[in-house]
1. I'd like to verify a number: residues in segment 217-227 that are in contact (Cβ under 8 Å) with a residue 40 or more places away in the chain and either in contact with a helix residue (DSSP H, G or I) (Cβ under 8 Å, 6 or more places away or on another chain) or in a strand (DSSP E or B) (or both), how many?
2. Do we find a residue being within 17 Å of the chain's Cα centre (by Cα), part of a loop (DSSP other than H, G, I, E, B), within 16 Å of the ligand (Cβ to nearest atom) and at pLDDT 95 or above anywhere in segment 247-268?
3. Here are the criteria: (1) in contact (Cβ under 8 Å) with a residue 60 or more places away in the chain; (2) out of contact with any helix residue (DSSP H, G or I) (no Cβ under 6 Å at 6 or more places or on another chain); (3) surrounded by 14 or more Cβ atoms within 10 Å (Cβ to Cβ). Tell me which single one residue 158 does not satisfy.
4. Right, residue 187: on the phi < 0 side of the Ramachandran plot and assigned by TED's automatic domain parsing to the domain that holds residue 278 or not?
5. From (1) surrounded by 14 or more Cβ atoms within 10 Å (Cβ to Cβ); (2) under 29 Å from residue 285 (Cβ atoms), pick out the condition that doesn't hold for residue 164.
6. I need a count of the residues in segment 155-190 that are under 20 Å from residue 202 (Cα atoms) and either under 15 Å from the mean Cα position of the chain (by Cα) or part of a loop (DSSP other than H, G, I, E, B) (or both).
7. Counting just the residues of segment 191-201 that are within 16 Å of the ligand (Cβ to nearest atom) and part of a strand (DSSP E or B), which one comes out surrounded by the most Cβ atoms within 10 Å (Cβ to Cβ)?
8. Check 239, 277 and return the single one that is within 15 Å of the ligand (Cβ to nearest atom), surrounded by fewer than 24 Cβ atoms within 10 Å (Cβ to Cβ) and under 18 Å from the mean Cα position of the chain (by Cα).
Ligand SMILES: [Zn+2]
């Protein structure tokens, strides 16, 4: 009898320990990871309107957003970024000659003085062998050349949104940091910098969204010309109002690690007509502006 009781107890303990041994301690971790990967993968295929829905903040997010803006960073309102890459001046000379009808008392030297030229120049232009001229003689006058200069400015379209940042992860497919068998699509460029480093608008535009999303953390979206949009995620603070116009260099927040971020960095995305493009290609994009500055140069 005693032996049977002992056996029953042993059986109970064995069942208990085996359940502990065989339960997968990584179950909850794997579920979290799956959710994270799913959300990342969904973001790739999202088109613009859907992406906007993704950023609808809920009440819980509002609370954490307020918590994050409570920090006392003194951010500048603007960081001067030079858009200029190079300038090339192209000169075009326009020769214009005029004629003059000699009046009484005119001499070659008086005419030359009036037109700011030299007697020798007038003589050469009119094949004159002597200084003598007669009334009503029509002579060609070398008038100052009209010089037009056009300046070709090569300008950046997008500026690096964290001026002092280091690239910590590039756009494209990358191996999952938690699972080497999974390739994830990274929809942006990660720029690592200390928490509180100012984040600037990459180009002129209008703030389209400012708020918080689970994975992206505190986020700002700016709409630019030509169907471009830029996304600034994981910010510790964000600045500005929806509808507000910003210039390249306007401070719109600071680097943080809100949302799904392993360290302090800015996740920077560039979209064109709702599709993700490589932010590094956008940063290399050049705009050419030609300006004519007419100058009158005397020759
Ligand atoms: Zn990223």
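1. 4
2. Yes - at least one qualifying residue is present in segment 247-268.
3. Tallying (1) in contact (Cβ under 8 Å) with a residue 60 or more places away in the chain; (2) out of contact with any helix residue (DSSP H, G or I) (no Cβ under 6 Å at 6 or more places or on another chain); (3) surrounded by 14 or more Cβ atoms within 10 Å (Cβ to Cβ), residue 158 fails exactly one: (2).
4. Working: on the phi < 0 side of the Ramachandran plot: yes; assigned by TED's automatic domain parsing to the domain that holds residue 278: yes.
The answer is yes for residue 187.
5. Every condition holds for residue 164 apart from (1).
6. Of the residues in segment 155-190, 18 are under 20 Å from residue 202 (Cα atoms) and either under 15 Å from the mean Cα position of the chain (by Cα) or part of a loop (DSSP other than H, G, I, E, B) (or both).
7. 199
8. On the way: 239 fails: within 15 Å of the ligand (Cβ to nearest atom).
None of the other options fit; the residue is 277.
The values are calculated or read from the model by the stated rules, or taken from the named source; none is laboratory data. Since the model is a prediction, treat every value here as computed from it, not as a measurement. Reconstructed Cβ throughout: ideal geometry from the backbone, glycine too, with neighbour counts over all protein chains shown.
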